[in-house]
Structure formats: C-alpha cells, structure tokens
1. Looking only at residues in the range 235-246 that are in contact with a helix residue (DSSP H, G or I) (Cβ under 6 Å, 6 or more places away or on another chain) and assigned to a helix (DSSP H, G or I), which one is farthest from residue 182 (Cα to Cα)?
2. I'd like the full set of residues that are surrounded by 18 or more Cβ atoms within 10 Å (Cβ to Cβ) and over 16 Å from residue 35 (Cβ atoms), limited to the range 53-71.
3. Applying the selection to the range 109-121, what residues are modelled with pLDDT of 95 or more and in contact with a strand residue (DSSP E or B) (Cβ under 9 Å, 6 or more places away or on another chain)?
4. Could you grab me the full set of residues in the range 78-100 that are in contact with a helix residue (DSSP H, G or I) (Cβ under 6 Å, 6 or more places away or on another chain), surrounded by 15 or more Cβ atoms within 10 Å (Cβ to Cβ) and either in a loop (DSSP other than H, G, I, E, B) or at pLDDT below 95 (or both)?
5. Considering 180, 189, which residue is buried (at least 21 other Cβ atoms within 10 Å of the Cβ), under 20 Å from residue 143 (Cβ atoms), touching a helix residue (DSSP H, G or I) at 6+ places or on another chain (Cβ under 9 Å) and modelled with pLDDT of 95 or more?
6. Checking residue 165 against (1) out of contact with any helix residue (DSSP H, G or I) (no Cβ under 7 Å at 6 or more places or on another chain); (2) surrounded by 14 or more Cβ atoms within 10 Å (Cβ to Cβ), which test does it fail?
7. Does residue 244 qualify as being touching a strand residue (DSSP E or B) at 6+ places or on another chain (Cβ under 9 Å) and surrounded by fewer than 16 Cβ atoms within 10 Å (Cβ to Cβ)?
8. Can you find even one residue in the range 63-72 that is over 25 Å from residue 136 (Cβ atoms) and within 17 Å of the chain's Cα centre (by Cα)?
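The values are calculated or read from the model by the stated rules, or taken from the named source; none is laboratory data. All values derive from a computational prediction rather than experimental measurement. Every residue, glycine among them, receives a Cβ derived from its backbone with ideal geometry; neighbour counts consider all protein chains shown.
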C-alpha cells in the first residue's frame, strides 16, 4: 500500500526529499479549489502573500501552490524537457507545506517542476492562477525579433489549451511579471505577449507591470526579485484584481 507521502510524490511527479510531504484526495463538493503555479517570485515573499490570500478566499483545504524557481511556461508542459530547479521551491497542498530556498549559502534540494496536465487531472481546480514569464526576459533579450515572440506565443497557447480543456474547464488567470529594473527594455514585449494570448485564448490577464516600480536596494538587490514592503505592495495590487475573479 502506498503511504500518504508516496501518494503526494506521485501526484506532483517531484523529487522532494522532505519527509513532510503528504497528499489526500480533495473532499467532494469543494468546487472552489484553486491551483497557483509560479516561478522564483512565487517561491519568495510574493508567493507567501498570495498563498495566504488564496487560503483566506477559498479555504486552507482548497488551495494548492506549486512554485519552481527558474521555471518558464514550457517547463510545465508535457512533451517538453523536464526542468529541475536548483534554486528553490514552494509546495502547498491541503495537508502539507514545503518551502526550500538558499539558506546560509547552502543551495536547496533539487526540485523537479511538475507538468500541469497531471496536476489538473488530480486536483481538478475551479481556478488556475499562473505567475510565470519572468524567465523569458533573458530569452527575448538574447533573441530579439518576431520569430522568438511567435515561438513563445505558441507556448502560451498550448498552456492555455491544457488548462482550459482540463476536467471542469478551469478559469485561467495569468499574472504578468512586475517591473524589472534589470529587464525594462524587454519587459513590455513579454507583457504584450501575455495580454495578446489572453485575448486570443480568452483567459484573464492581470497586468502587474506598473503596480510597483523596482528600486534596487529597496525592492531587492538583483533588479528582478522583490522583497520586503515592495513585494507586499505588488501582492496587494494583484489581490485587488484577483479577488474579483475568484
């Protein structure tokens, strides 16, 4: 017989070493289940704020969070190369929580980014909230031009199709990356890409690019990741929009 921990690992297809992992099938009738997926921004303070917000809105037992540092939309799609994060993760189920980041210079345990289709099949959420796209900034910067944008647009359409054709036809809500001091020259291209895909595929897009401005030394140190009060300010702006969609 599979232990609860092994069931959790099978669900997410992860290589977690945490002994706290556990999974139980969601109770019948919990129609407002929410799945939140993200990258390193959601591993950090923004993810903490969104996790708490979603639990307040939908209930602790109806919220699932999976954030994989360094991941991009394609990493969550079946048929694409499996992405193993070496910089952190955040995973919450109704019964478990695991959070791994760098600690005192020591790297977190490697984390295998799960594919979105099996997650949708098992969880059957009513709403899927996505915070991804930050890790496309360097791709667009390295490969400027319509060809790369077209390739990324096709990935967004595949992602949307996967979510929208899942059991229960979940509502898809996408949060665009916030302002990035490091990638301002290409940020608008990624934001427009997401807004355009949302219009074509009829999913909601929360444009957070102007909700907060990244000030190096105040918002964070690398021009990308938000910490402290600015992370909370960004999350508060998203909550106002997201509250109307849940």
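1. Checked the range 235-246; the qualifying residue farthest from residue 182 (Cα to Cα) is 239.
2. 69, 70
3. 110, 111, 112, 113, 114, 116, 119, 120 - these are the residues of the range 109-121 that are modelled with pLDDT of 95 or more and in contact with a strand residue (DSSP E or B) (Cβ under 9 Å, 6 or more places away or on another chain).
4. Passing the criteria: 80, 83, 88, 94.
5. Being buried (at least 21 other Cβ atoms within 10 Å of the Cβ), under 20 Å from residue 143 (Cβ atoms), touching a helix residue (DSSP H, G or I) at 6+ places or on another chain (Cβ under 9 Å) and modelled with pLDDT of 95 or more holds for just one of 180, 189, which is 180.
6. Failed condition: (2).
7. So residue 244 fails the test.
8. yes
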